[in-house]
Amino acid sequence: MNLTYQIIWFLIATWLVPFCLHIAIQAATGVYTTSSPDKLEEANCRKPPYGLEVTLIAILLSLIPTATAFLIINLIYEEIPGSSPLTKGICFSILRLCLNGDLIRTPLMNIVVGNPFRNTILKQCDIWIPNLIMCIALSFLAASTRE
């Protein structure tokens, strides 16, 4: 795979698709990862859906964790458990979620403080699903650079 196709694959699979999933999950569930709409109104903050000016900044800033994950997976790819890029991507996704506290700590604390279980899981799916897709795509990309 030549470098141009790798860059296009990287941008689409690890950046654009997870960001679009994030927006779609929020729109479909009505559960936002920010505070409740009432609290946003009290604080005089913008309420979702946001305008283009906020979305463009969010898209550009989402490159930072994606690029960081790309560098990390390339550094540790051989050490990640699994024999296929799919299993390595799943393992890397679990590792990233654990490092950020998003796999167990955040959902458990949300439940402990009284958030409904359904809302907690929906909020976490907004993190888990894009992260999983991004890590699997990065794993396949890292595998293709080693061929």
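Quick notes
- Checking the stated criteria, Asp102 turns out to be among the acidic types (Asp, Glu) and either surrounded by fewer than 11 Cβ atoms within 10 Å (Cβ to Cβ) or not in a helix (DSSP H, G or I) (or both).
- Members of the stretch 115-141 found to be modelled with pLDDT under 90 and among the small types (Gly, Ala, Ser), listed by number: Ala137
- Within the stretch 80-97, none of the residues are crowded, with 17+ Cβ neighbours inside 10 Å, touching a residue at least 60 places away in the same chain (Cβ under 8 Å) and closer than 19 Å to His22 by Cα.
- Per the listing Ile94, Ile111, the residue uniquely farther than 30 Å from Thr4 by Cβ and at pLDDT 95 or above is Ile94.
- For the stretch 63-79, a residue qualifies if it is of a type in the set (S, T, N, Q), closer than 20 Å to Trp128 by Cα and surrounded by 12 or more Cβ atoms within 10 Å (Cβ to Cβ), and exactly one does: Thr66.
- Whenever a residue of the stretch 107-124 is over 19 Å from Leu97 (Cβ atoms), its partners that are outside any helix (DSSP H, G or I), lying with C-beta atoms within less than 9 angstrom and at least six residues away or across chains, give the pairs Arg118/Val31.
- Residue match in the stretch 46-55 (condition: under 13 Å from the mean Cα position of the chain (by Cα), aliphatic (A, V, I, L, M) and at pLDDT 75 or above): no
The values are calculated or read from the model by the stated rules, or taken from the named source; none is laboratory data. Quantities reported herein were computed from a predicted structural model and do not represent experimental measurements. Virtual Cβ from ideal backbone geometry, glycine too; neighbours counted across all protein chains shown.
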